[in-house]
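The values are calculated or read from the model by the stated rules, or taken from the named source; none is laboratory data. Remember, it's a predicted structure, so these values are computed and weren't measured experimentally. Please note: Cβ atoms are built from the backbone with ideal geometry, for glycine as well, and neighbour counts cover all protein chains shown. Calculation scope for accessible area: heavy atoms of the full protein, side chains included, ligands and nucleic acids excluded. Shrake-Rupley method; radii C 1.70, N 1.55, O 1.52, S 1.80 Å.
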Amino acid sequence: MEKKKKYALVTGGSRGIGRAICEQLAKDLDYPILINYNRNGEAAAETLRLVQAAGGTGELMPFDVVDAEQVKSVLETWHEQHKNAVIEVVVNNAGITKDGLFMWMPREDWSNVIDTSLNGFYNVTNALIQKLLVNKYGRIINLVSVSGLKGTPGQTNYSAAKAAVIGATKALAQEVAKRNVTVNAVAPGFIKTDMTSELNEQELKKMIPANRFGEAGEVAHMVSFLASSKASYITGEVININGGIYS
């Protein structure tokens, strides 16, 4: 029987932590990288260039994680075109923030943030989970946040979404562990990316024991480890990368 070709999918892979993860996986593991993005095709193409520069291969996979039908149809089409392939590593990284005090939070800002992080996790993982179980091996890694663990004022929507994904991570891990599929979450604190560029770093780093913001690459190394065969006995875990905020 012909050996299956194995792939890694990273949602929201065009910028920031997602881009760093794509690059790191290309350096460390032998997977072609499926780089998902929603709107920013130019940034995604740059991620692909970086993956190739790191010695890896990859392809762009545009879809909106919120759109369940689109997710399903793009992944089904891809599987039809790659009959002998399995997406063995799934990194649910796509997420958005719409910060504001809860008292004045429009329903749309509540729904959009939860749709992207929580329903996005469902749409992508649910479309692939059966294949992982048949494959009897897989790695699901969910990017959550310090906000989902301790709660961040002004981010009630984001904290709720990420806390929900943490609960889902722990439950799903127990359902699929017998099939050698691990499910873990990585919870970054303040990381230097576009998403945090508006924040006052000088002020905020006073509350971080390490006294600095983290780099996207520092998160990517952990994701890459969890995606490897070395992490086979780690499942249902939430690993904090936050310079000691949550210690």
- Query: Can you spot a residue in segment 133-147 that is under 21 Å from Gly189 (Cα atoms) and without any contact (Cβ under 8 Å) to a residue 24 or more places away in the chain?
  - Reply: yes
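So that you can scan it fast, the table gives a plain yes or no per residue for (1) among the acidic types (Asp, Glu); (2) modelled with pLDDT under 95:
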site: Asn142; (1), (2): no, no
site: Gly151; (1), (2): no, yes
site: Ala164; (1), (2): no, no
site: Glu198; (1), (2): yes, yes
site: Met207; (1), (2): no, yes
site: His221; (1), (2): no, no
site: Ser229; (1), (2): no, no
site: Ser232; (1), (2): no, no
site: Thr235; (1), (2): no, no
- Note on the structure: Scanning segment 193-224 residue by residue, the ones that are in contact (Cβ under 8 Å) with a residue 12 or more places away in the chain and assigned to a helix (DSSP H, G or I) total 16
- Message: Please verify whether Ala171 is aliphatic (A, V, I, L, M), assigned to a helix (DSSP H, G or I), free of Cβ contacts under 8 Å to residues at least 24 places away in the same chain and out of contact with any helix residue (DSSP H, G or I) (no Cβ under 9 Å at 6 or more places or on another chain), treating the condition exactly as stated.
- Response: yes
- The number of residues in segment 95-115 that are assigned to a loop (DSSP other than H, G, I, E, B) and either modelled with pLDDT under 95 or surrounded by 15 or more Cβ atoms within 10 Å (Cβ to Cβ) (or both) is 7
- Count - residues of segment 163-179 that are open to solvent by 40 Å² or more (accessible area, probe 1.4 Å) and under 15 Å from Asn126 (Cβ atoms): 2
- Task: Would you mind stating whether Thr182 is open to solvent by 40 Å² or more (accessible area, probe 1.4 Å), touching a Ser or Thr at 6+ places or on another chain (Cβ under 6 Å) and of a type outside the set (Gly, Ala, Ser)?
- Result: no
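One line per residue, one yes/no per condition, for (1) under 30 Å from Lys5 (Cα atoms); (2) under 19 Å from the mean Cα position of the chain (by Cα):
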residue: Trp110; (1), (2): no, no
residue: Thr116; (1), (2): yes, yes
residue: Phe121; (1), (2): yes, yes
residue: Leu133; (1), (2): yes, no
residue: Leu143; (1), (2): yes, yes
residue: Ala160; (1), (2): no, yes
residue: Leu172; (1), (2): yes, yes
residue: Phe190; (1), (2): no, yes
- Selection status of Leu118, hydrophobic (A, V, I, L, M, F, W, C), under 30 Å from Glu218 (Cβ atoms) and open to solvent by 40 Å² or more (accessible area, probe 1.4 Å): yes
- Query: Within segment 137-162, can you find the residues that are open to solvent by less than 40 Å² (accessible area, probe 1.4 Å), within 27 Å of Ser232 (Cβ to Cβ) and touching a helix residue (DSSP H, G or I) at 6+ places or on another chain (Cβ under 8 Å)?
  - Reply: Gly138, Arg139, Ile140, Ile141, Asn142, Leu143, Val144, Ser145, Gly148, Lys162
